[in-house]
């Protein structure tokens, strides 16, 4: 690694350390993804070709991916292409993998955004109520719902909600996707159930963390001070206790990102949404390895980057993390 | 007898004393005990599935296809007329198998690596930490999908995928415990007493890390059960016609309107199993881990 001048600012030092770790992890991920397809039994050209297995097609694949070159050169080319957005050609559709990803991305992003919104609103709301109404039926109810939310698997909740709200009482649509730009109402009618399904587990985790953090905050000295100053109950809870609890919630959201990505794959499968997850699963079953490679690489890179952003945001909010984290 | 050995003996005695107290505390925890009972039912059903199941889970009976729950078939039958109760019982077997084996795999790989990283530090620590980061960079399902693509979809490969996905957490917890314990007085005493690295790690550090590891196992089992169901649901785990709760849910999707029971009961079984292990785990965590929730 290049030797950088030691920065005087501890925040900058922390950022540099985290950035360096991320770059190393990204490199390792690219090696794993690159090696994965070559770990397949048999000829990688056969794997990349998919169903089309004529000698001419195989020769074309060999030429396109340079499979006869030295493995290190191949890896270098793979990374070079990936950095310029060239992820190869899908053996199923014959189109660039990057195009398929660009088409699937908005669907998954909308699903993720809606489910995050659902999880944050419900989770924080229920968490605050459970903490403020400690020992009352409201707390008991919130805890029970959260435990259920953690134990009910995404895919089953999806099926049950389809049974209830798309078959028994057909309020929402059970499958298919309409872009928001084409018909916003129809889009939402189709996205509500998937968002609830994907967000429910997250809502449960957010609720538990909010409740715990609120209970901590509510017993802190500064809350007593705020009360003594004559602030209203609403100001004390909303302005002081909740604000200090949000740091925890942000971290939890960051930690749960992996679950969100895994959950999106299943949710898209249940509701037949043409997003990233559907693209991934279809690629596995059609042995479309070029697409699979591209999708796995993108997902992991995005995951690493978002985690970095969460860490940075978190340490910017709370300087104690920075010092603790740098000593890791 | 050296002073170090005496100190160790006293500590061991104390540990044993609090051990029975802990068990008592767990036994009075009603929620945890409910969880333990349900979990035990699942384990027994899984062990004795062929004896308990009223029908052959794979035998079709087309005359009775899609029949609603009743006396002959308590949980109804599926589109091929197979008995749902028998399939749920045999499906629980697959769930338990993956739940336990995946956790065992994660521990077999994760504990030694965590001990290594925590005890030797420096190069060993950086190497293991980068490995952990790389594993964590693949969301669970992406990892499982990649493995299924490379190795082919099967119950064994699903178990391996879930085990690998759980390994980073085991490494991190073992590493953290090792770091904490390496500075304990009795470890210093054991080292001064001429104990080799192996003795120190296996006889002094590992036994004292068990509480944290047991707690981690109780988190790991239910998440492996859900993982197996999820992978089988997607077609990446157990392959039909073998019964698995996930496979059952997957085939139920085509018959939601005419036969909702096909989707309801396997799902309830998954919820009951995970809820049971979560309750038991919460109870154990309260008893074993004085610092409260770890995750």
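Each value in this text was obtained by applying a stated rule to the coordinates, not by laboratory testing. Just so you know, these numbers come straight off a predicted model, no measurement behind them. FYI the Cβ positions are ideal-geometry reconstructions off the backbone, even for glycines, and counts take in every protein chain you see.
Each peptide among B:83-95, B:100-112, B:57-69, A:83-95 gets the average number of other Cβ atoms lying within 10 Å of its residues, and from highest to lowest they stand as B:83-95, B:100-112, A:83-95, B:57-69.
By how many degrees, 0 to 90 and rounded to 10, does the Cα axis of helix B:84-120 deviate from the longest principal axis of chain B? The angle comes out near 20 degrees. Sorted largest first, the spans of the alpha carbon positions of chain A along the three principal axes are 82, 65, 35 Å.
Listed peptides B:279-288, B:44-53 appear in the order B:279-288, B:44-53 once ranked by packing, highest mean of other Cβ atoms within 10 Å at the front. Using only the Cα atoms of the stretch B:206-264, each taken as one equal point scatterer with no solvent, compute I(q) by the Debye sum, divide by I(0), and report log10 of the ratio at q = 0.18, 0.22, 0.26 Å⁻¹. One equal scatterer on each Cα of the stretch B:206-264 leads to -0.66, -0.81, -0.96. Over chain B, dividing the summed -39,500 (n - 2.57) contributions of all DSSP H runs of at least 4 residues by the number of residues returns a 222 nm mean residue ellipticity of -24500 deg cm²/dmol. Taking every residue in A:155-166 and counting other chain Cβ atoms within 10 Å of its Cβ, the average works out to 5.
Taking a ≥ b ≥ c as the square roots of the eigenvalues of the alpha carbon gyration tensor, the stretch B:73-207 is prolate, as a/c is not under 1.5 and a/b beats b/c. Roughly how crowded by other chains is peptide A:282-289, in terms of the mean Cβ count from those chains within 10 Å of each of its Cβ atoms? For peptide A:282-289, the averaged partner shielding equals 3. The mean sequence separation of alpha-carbon pairs under 8 Å and at least six residues apart, normalised by the residue count of chain A, gives a relative contact order of 26 percent. Listed peptides B:113-120, A:199-206 appear in the order A:199-206, B:113-120 once ranked by packing, highest mean of other Cβ atoms within 10 Å at the front. Across chain B, the relative contact order, built from alpha-carbon pairs under 8 Å that are at least six residues apart, equals 25 percent. Please give the helix A:289-317 orientation as an angle from the longest Cα principal axis of chain A, in degrees from 0 to 90, rounded to the nearest 10. So the inclination is approximately 30 degrees.
Centroid-to-centroid, using Cα positions, the stretch A:190-268 and the stretch B:117-139 are 30 Å apart. Per residue, chain A reaches -24000 deg cm²/dmol at 222 nm when only DSSP H runs of four or more residues are counted, each adding -39500 (n - 2.57).
Computed FRET efficiency, Cβ-Cβ of residue B:33 and residue A:103, R0 56 Å: what is it to the nearest 0.05?
That pair, residue B:33 with residue A:103, gives E of 0.60.
Compared with the dominant Cα axis of chain B, that is its longest principal axis, helix B:155-182 is turned about 20°. For the stretch B:75-113 versus the stretch B:161-200, the inter-centroid distance based on Cα atoms is 31 Å.
Per-residue Cβ neighbour counts within 10 Å put A:156, B:74 in the sequence B:74, A:156, beginning with the fewest. Between the stretch A:136-154 and the stretch A:70-132, the C-alpha centres lie 30 angstrom from each other.
Which of rounded, prolate or oblate describes the protein assembly as shown when judged by the alpha-carbon gyration tensor and an a/c cut-off of 1.5? In terms of gyration-tensor shape, rounded. Counting, for every residue in B:222-228, the Cβ atoms of other protein chains within 10 Å of its Cβ and taking the mean gives 2.
Sort chain B into rounded, prolate or oblate with this rule: let a ≥ b ≥ c be the square roots of the eigenvalues of the Cα gyration tensor; rounded if a/c is under 1.5, and if a/c is not under 1.5, prolate when a/b is larger than b/c, oblate otherwise. Prolate is the answer for chain B, as a/c is 1.5 or above and a/b outweighs b/c. Within the listed set B:213, B:236, B:131, the Gaussian network model of chain B (springs between alpha-carbon atoms below 10 Å) gives the highest mean-square fluctuation for B:131.
By the count of other C-beta atoms within 10 Å, a proxy for reagent exposure, A:285, A:78, A:155 are ordered fewest to most as A:285, A:78, A:155.
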